[in-house]
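Trainee: Below are the structure tokens for one structure; questions will follow.
All of the numbers you see were taken from the coordinates with simple rules; none came from a lab. Worth saying up front: this structure is predicted, and the values here are computed from it rather than measured. All Cβ positions, even for glycine, are placed from backbone atoms using ideal geometry, and neighbour counts span all protein chains on display.
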Amino acid sequence: MQKENNTMSRRQFLAVSGAIAGSTIIDPKSQAYAATSPTLKTNNAKQKIALVGTGIRGISTWGRDVIRDYSDHVDFVGLCDNNPGRLEMGKNYIGASCPTYADFDAMMKETKPDSLIVTTVDNTHDYFIKRGMELGANIICEKPMAIDETKIQTIIDAEKRTGKSCRVTFNYRYSPHRAKMWEILRSGEIGDLTSIDFHWYLDTSHGASYFRRWHRLVEKGGSLWVHKASHHFDLLNWWIESDPESVYALGDLEFYGKNGPFRAENCRNCPHTKQCDFYWDIMKNDTYKKLYVDNEKYDGYLRDGCVFRNDVNIFDKMAATIKYMNGVQVSYSLTAYSPYEGYRIAFNGTKGRMDAWVQESNPTTDGNYDEIVVAKNFGKRQYIQIPHASGHGGGDKLLRDQIFIPNTADPLKQTAGVRDGSLACLVGIAARKSIASKEPVMIKDLTTIVPQTEKVYSRI
Ligand SMILES: NC(=O)c1ccc[n+]([C@@H]2O[C@H](COP(=O)([O-])OP(=O)(O)OC[C@H]3O[C@@H](n4cnc5c(N)ncnc54)[C@H](O)[C@@H]3O)[C@@H](O)[C@H]2O)c1
């Protein structure tokens, strides 16, 4: 395989004066904000959009909310899903008046969209990205971009061959709390970054739901190393501003799946509901009932699957040591059965340290904010409070603004393309391989991407 030739490497630090004095993110009207323009269409014509995958993410964040907020800028021209019932329910939920298609190629050829939104099951993303590009569209794809290195290479090659782009929707970069951390790192307040401690906790409600759904199968979602942790690895790649070099990992399945005391196929058909802490009645959620239960007859998919099914084949505890090209080293872990959901992170630098502890469920504080603590090695501590916002910490809305409102700039370099989408997944894929081989895995050995000391930013 021909390795990438990287002449684009650059480091453009923003002048973020007094970045940590308050909780304000850069003013959208400032000069820095006006410096770049990554949107797909900059003239006054509306963007024609098609969407494949009318599951919950497709119909809400990328369907109903887009029609509600961006109808001046976009028109839906087609919707596609291989479950006809979910497709019909999805169309009604979104409130779109466009045609629906079971046949993806027919949708692309008849409707000729400018952009294709891909919100299908993870192991199909590569097919729709490649085929969508070949049929003339730029792509907006949910994370993870792809679940293994062969699929990633297919996308890298398709982008090169077709000249089309693929934006990967890393909404986690857009939460104001995490954006503030990026600004503080760029301000030099903690000196040169040397290492990061990053520990993520999934709880026994939302976290457990990964073990109910298709996500429980490595062949569908690439395991939580890719499906979930690619969010976290993308944050690391963006915060550190360097590419990952090597990964050494451990992992096991010790709680869900075969470890459970009893099991059934799904909660509705279970004789153990009274004893089971994980019993969940999907019929109490009308949207889920209409989207999933009513359409089981088409594909047999059980949205309320038992978390203790014997076929669960992903890890529920994971740890990795990641080395970056610029020397930064990361200690990362993910635990999937915690009493609360959230994370702890600490950035260690030559002049001090930045800490954050976020509890996304069952928070212990009653404050309506997330905090960042910046402690100097020889100086005072600062406590910076960022107000909470809904939709992945406010990230979903800011991400959509940037995609759908023409000429929205990108001062914090939050736009992610194929290279960023690939590297986020490759860390998780390397972790899976490292567990299997009991050896560290080099990122450069996986695809044609050549890891760089200074991050190469995506232009869409
Ligand atoms: N960024 C985030 O915070 C976030 C949050 C949730 C989901 N997601 C991502 O969104 C995507 C969808 O997740 P979801 O929770 O909506 O799942 P879901 O199971 O509700 O929806 C997936 C849909 O894809 C359809 N589908 C599967 N294979 C298909 C094929 N070959 N052709 C056409 N349709 C097909 C299914 O029928 C289903 O309707 C996933 O990639 C997931 O990782 C991202």
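Trainee: For the pair Arg459 and Thr162, how long in nm is the line joining their label points, each one 7 Å along Cα→Cβ?
Mentor: About 2.1 nm, to one decimal.
Trainee: Defining a contact as two alpha carbons under 8 Å apart and six or more residues distant in sequence, what relative contact order in percent does the range 33-171 show?
Mentor: Over the range 33-171, the number comes to 22 percent.
Trainee: What does the net charge come to around Trp214 if you take all other residues with beta carbon closer than 10 Å to its beta carbon, with K and R at +1 and D and E at -1?
Mentor: Neighbourhood net charge equals +3.
Trainee: Working only with C-alpha atoms, what are the Rg and Dmax values of the range 257-299, expressed in angstrom?
Mentor: Computed over the Cα atoms of the range 257-299, radius of gyration and Dmax are 12.1, 32 Å.
Trainee: Specify whether the C-alpha gyration tensor of the range 43-119 places it in the rounded, prolate or oblate class, a ≥ b ≥ c being the square roots of the eigenvalues: rounded for a/c under 1.5, otherwise prolate if a/b is larger than b/c and oblate if not. Before the final figure, lay out each step's value.
Mentor: Values: a/c = 2.00, a/b = 1.20, b/c = 1.66.
Oblate is the answer for the range 43-119, as a/c is 1.5 or above yet b/c matches or exceeds a/b.
Trainee: Please label the shape of the range 125-178 as rounded, prolate or oblate, based on the square roots a ≥ b ≥ c of the eigenvalues of the alpha-carbon gyration tensor (a/c under 1.5 means rounded; beyond that, a/b larger than b/c means prolate, else oblate).
Mentor: Prolate shape, in that a/c is at least 1.5 and a/b is the bigger ratio.
Trainee: Given the C-alpha centroids of the range 300-351 and the range 421-460, what is the distance between them in whole angstrom?
Mentor: Computed from Cα coordinates, the inter-centre distance equals 17 Å.
Trainee: So, by mean Cβ neighbours within 10 angstrom, what's the order for 174-183, 60-69 with the highest one leading?
Mentor: So the order, starting with the most tightly packed, is 174-183, 60-69.
Trainee: Let me make sure I get this right: for the chain, a, b and c are the square roots of the gyration tensor eigenvalues over alpha carbons, sorted descending. Under 1.5 in a/c it's rounded, otherwise prolate if a/b > b/c, else oblate. Which is it? Show your work: numbers first, answer last.
Mentor: On the way: a/c = 1.43, a/b = 1.14, b/c = 1.26.
Here the chain falls in the rounded category.
Trainee: Still on this structure: So if I take the centroid of the Cα atoms in the range 56-97 and the same for the range 378-394, what is the distance between those two points in Å?
Mentor: 34 Å
Trainee: When only Cα pairs under 8 Å and 6 or more residues apart are kept, what is the percent relative contact order across the chain?
Mentor: Relative contact order here is 25 percent.
Trainee: Lysine pairs, Cα distance under 21 Å, 8 or more residues apart or cross-chain: how many in the range 257-299?
Mentor: Here the count comes out as 4.
Trainee: Right, something else. Can you tell me, using C-alpha contacts under 8 Å and at least 6 residues apart, the relative contact order of the range 127-192 as a whole percent?
Mentor: Value for the range 127-192: 34 percent.
Trainee: Which FRET efficiency value, to the nearest 0.05, do you get for Gln2 and Thr335 by plugging their Cβ-Cβ distance into 1/(1 + (r/R0)^6) with R0 = 41 Å? Before the final figure, lay out the partial values.
Mentor: Values: r = 40 Å, r/R0 = 0.98.
With R0 = 41 Å, the Cβ-Cβ based efficiency is 0.55.
Trainee: Here is a further query. How do Phe233, Phe278, Phe76 line up, fewest other C-beta atoms within 10 Å first?
Mentor: Placing the least packed residue first, the sequence is Phe278, Phe76, Phe233.
Trainee: Under 19 Å from the Cα of Lys130, which lysines turn up, not counting those fewer than eight places away in the same chain?
Mentor: Once the sequence-local lysines are set aside, what remains near Lys130 is Lys48, Lys109, Lys112, Lys143, Lys151, Lys160, Lys164, Lys220.
Trainee: Sort 152-162, 255-265 by the packing proxy (mean of other Cβ within 10 Å over each peptide's residues), most packed first.
Mentor: Details: 152-162: 18.3, 255-265: 15.4.
Listed from highest to lowest mean packing, they are 152-162, 255-265.
Trainee: What is the local net charge at Ser175, summed over the other residues whose Cβ is closer than 12 Å to its Cβ (Lys, Arg +1; Asp, Glu -1)?
Mentor: Around Ser175, the surrounding residues sum to +1.
Trainee: Determine the calculated [θ] at 222 nm for the chain from helices alone, applying -39500 (n - 2.57) to every DSSP H run no shorter than 4 residues and normalising by the residue count; nearest 500 deg cm²/dmol.
Mentor: -8000 deg cm²/dmol
Trainee: Count the DSSP beta bridges whose two residues both fall in the chain, then state the antiparallel fraction as a percent rounded to the nearest 5.
Mentor: Around 60 percent of the beta bridges assigned by DSSP in the chain are antiparallel ones.
Trainee: Shifting gears a bit: Add +1 for every Lys or Arg and -1 for every Asp or Glu among the other residues with Cβ under 13 Å from the Cβ of Asn266, and state the total.
Mentor: So the surrounding residues net to +2.
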